[in-house]
1. I need the full set of residues from the range 115-154 which are touching a Leu at 6+ places or on another chain (Cβ under 7 Å) and either basic (K, R) or within 20 Å of L23 (Cβ to Cβ) (or both), in order please.
2. So, of the residues in the range 83-112 that are among the hydroxyl-bearing types (S, T, Y) and over 25 Å from W153 (Cβ atoms), which turns out to be surrounded by the most Cβ atoms within 10 Å (Cβ to Cβ)?
3. Scan the range 43-63 residue by residue and report those that are surrounded by 16 or more Cβ atoms within 10 Å (Cβ to Cβ) and either assigned to a loop (DSSP other than H, G, I, E, B) or among the hydroxyl-bearing types (S, T, Y) (or both).
4. As an exercise: evaluate A113 against (1) part of a loop (DSSP other than H, G, I, E, B); (2) among the aliphatic types (A, V, I, L, M); (3) modelled with pLDDT of 95 or more and give the number of the one condition it does not meet.
5. Among the residues of the range 10-34, write down those that are among the hydrophobic types (A, V, I, L, M, F, W, C), surrounded by 15 or more Cβ atoms within 10 Å (Cβ to Cβ) and not in a strand (DSSP E or B).
Amino acid sequence: MPQSLSNVLIHAVWSTKERVSFLTDKTLRDELHCYLGGISARLDCPTMIVGGVADHVHILMRLARTITLADWVKEMKRASTVWLIEQVQSDPMLAQFHWQSGYGTFSVSESKADEVRAYIAKQEEHHKKITFQDEYRRFLKAHGIEWDEKYVWD
């Protein structure tokens with residue numbers, strides 16, 4: 001078989017450090033989401049949707065065959081942090097911006113992609129009822145991942 005093909009959909013989630021609400025400005029948040037989509041595209045990992053609220057992001061993307069998931073997350077966080085800090089004129093608080101060191105990535109079947117996309121699109125509505133931490137715990141439970149509360153938050 002001369003061609004190497006794949007279709008690996010990933011739902012990635014990560015928070016700002018200590019869940020500080022750095023992204024309260026909706027315009028800035030929307031620009032960040034677009035920027036994250038651009039970074040991912042540059043890494044040959046097209047996004048299906050990027051969303052989130054003031055303290056975290058969700059990304060549904062198609063993982064390229066040429067990059068590890070860890071390297072993708074590392075570059076997404078690095079490049080977006082540089083971009084956000086450059087926005088200091090619009091919000092001096094951004095000079096202190098950091099993402100949390102950890103992240104969650106979850107496999108998504110093609111048959112569930114629309115469901116995950118809709119979930120990400122409704123983040124603002126969703127987080128009127130549930131915190132990021134409770135949401136994240138639900139993801140971990142749903143995917144059978146064991147965790148230690150001592151190490152999952154920073």
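1. Kept after step one, since they are touching a Leu at 6+ places or on another chain (Cβ under 7 Å), are these residues of the range 115-154: 116-117, 120, 147.
Hits for the range 115-154 are R117, I120.
2. S90
3. Initial filter on the range 43-63 (surrounded by 16 or more Cβ atoms within 10 Å (Cβ to Cβ)): 43, 45, 47-63.
Once the filter is applied, which keeps residues that are surrounded by 16 or more Cβ atoms within 10 Å (Cβ to Cβ) and either assigned to a loop (DSSP other than H, G, I, E, B) or among the hydroxyl-bearing types (S, T, Y) (or both), the range 43-63 yields L43, C45, T47, A54, D55.
4. (1)
5. Let us first name the residues in the range 10-34 that are among the hydrophobic types (A, V, I, L, M, F, W, C), namely 10, 12-14, 20, 22-23, 28, 32, 34.
Add one more test, that the residue is surrounded by 15 or more Cβ atoms within 10 Å (Cβ to Cβ), and what stays is 10, 12-14, 20, 22-23, 28, 32.
Correct list: V20, F22, L23, L28, L32.
The values are calculated or read from the model by the stated rules, or taken from the named source; none is laboratory data. Here the structure is a predicted model, which is why all the values come from computation and not from measurement. Neighbour counts run over all protein chains shown; Cβ positions are idealised from the backbone, glycine included.
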